[in-house]
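Below you'll find the structure, written out as structure tokens, and then a few comments.
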Amino acid sequence: MTHRLWLFGLYPVLSPQEIRGVGFIRWRYADPGKGDDSWSWTAHARRVRRIDESIMSSASTSGTAAFSWDPDHYSGFNAKTEEYNYKFMGEKTMLGCVHAAHSPEIRCNMDGGASACPEDWEARHMYILEATPRPGYINAIDSKTVIFMDSEMWFEPYIDTYDRKGQLFRAHIYWLANRDRPVPDAKVAIYPFKRSFVVASVSTDVQSGQATMCYLPGMETPERECWYINMGAVDKSFFTTDALVRAAQ
């Protein structure tokens, strides 16, 4: 009845401390001509604000410049498909991590915690695509996005975004595991088949050197299983501004 294609919610953020309490919800519609509806809760303002779709590729939606992740790249390339033009750039064998050995991941001490290591890497066959915003559809922050799509997993181990001057802006890396549970000692999140789980990811602003790692599950949280896919962990009421505000209080 709502013609919504999917609902997304991320709240409340517990770490890092400078954005604790931040929240975000997003509604995607089946109508190719209707843009996403999004709202965020910022802890310092203590109010819900409507977010313009054009800044979905900007980390400003988190309420601080110290956090380099943006909603269009929380889990691969999440922008609305119909608002971009796509070009096939080629295919290439590249290293990728799709059978991660660790969950929670291990913070790498060789680069100040800007990645996860040690980890299992392997040669993967990648399709390389370029996505550019369609004129008249969206006034996106990024001039283009280069997507490295694993031809077997159908997920993007790497995504690069470019600013409006055509310079490389942010580089994203995703570590994946392919198994029937997100962590070896799972008791609830167990599936009757192998599936992909993102166990870690990093967004690096290559122009400033700022890198933000995300661990799934987190290394310090008591909740270890993390991924409850199609298990009824939340209902539609979770994706409302009322629920967003209550969780922040």
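The values are calculated or read from the model by the stated rules, or taken from the named source; none is laboratory data. If you're wondering where the values come from, they're calculated on a predicted model, not measured in any experiment. Backbone-built Cβ (ideal geometry, glycine too); neighbour counts: all protein chains shown. Please note that ligands, DNA and RNA were not included when accessible areas were found on the heavy atoms of the full protein model with its side chains. Shrake-Rupley method; radii C 1.70, N 1.55, O 1.52, S 1.80 Å.
Restricting to DSSP loop positions (anything but H, G, I, E, B) with no more than 12 other Cβ atoms inside 10 Å of their own Cβ, which trypsin sites (Lys or Arg not before Pro) remain in segment 1-63?
Details: sites: Arg4, Arg20, Arg26, Arg28, Lys34, Arg46, Arg47, Arg49, Arg50; in loops: Arg20, Lys34, Arg46.
Those that pass, being in a loop and sparsely packed, are Arg20, Arg46.
If you add up the charges near Arg195, with Lys and Arg at +1 and Asp and Glu at -1, over every other residue whose beta carbon is less than 12 angstrom from its beta carbon, what do you get? Don't skip to the answer; put the middle values down first.
Details: positive: Arg179, Arg181, Lys194; negative: Asp180.
Net of charged neighbours comes to +2.
Please list, by residue number, every one of the trypsin sites (Lys or Arg not before Pro) in segment 132-175 that is coil in DSSP and has at most 10 other beta-carbon atoms within 10 Å.
In loop regions of segment 132-175 (DSSP not H, G, I, E or B), the sparsely surrounded trypsin sites (Lys or Arg not before Pro) are Lys165.
Report the paramagnetic label zone for Thr132: residues of segment 73-104 whose backbone N is under 19 Å from a point 7 Å from Cα along the Cα-to-Cβ axis.
79-91
Using DSSP to call loops (not H, G, I, E or B), can you name the GluC sites (Glu not before Pro) in segment 86-192 whose Cβ has at most 16 other Cβ atoms within 10 angstrom?
Qualifying residues, ordered by number: Glu152.
Comparing Val98, Val188, Val48, which has the greatest mean-square fluctuation in the GNM of the chain with Cα pairs linked when under 10 Å apart?
Among Val98, Val188, Val48, the largest mean-square fluctuation in the Gaussian network model of the chain belongs to Val188.
Given a 1.4 Å probe and the protein chains all in place, what does the accessible area of Glu156 round to, in Å² to the nearest 10?
20
Could you give me the ³J(HN,Hα) list for segment 238-249, computed from phi with Karplus coefficients 6.51, -1.76, 1.60 and θ = phi - 60°, whole Hz, x at Gly and Pro?
5, 9, 10, 5, 4, 5, 4, 5, 4, 5, 7, 8
For the chain, set up a GNM with springs between Cα atoms under 10 Å and report which of Leu95, Leu129, Leu168 has the largest fluctuation.
Most flexible of the set in this elastic network: Leu95.
Could you work out how far the C-alpha centroid of segment 15-47 sits from that of segment 185-229, in angstrom?
Cα centroid to Cα centroid, the span is 20 Å.
Using the heavy atoms of the protein chains alone and a 1.4 angstrom probe, what is the accessible area of segment 13-59 per residue in square angstrom?
48
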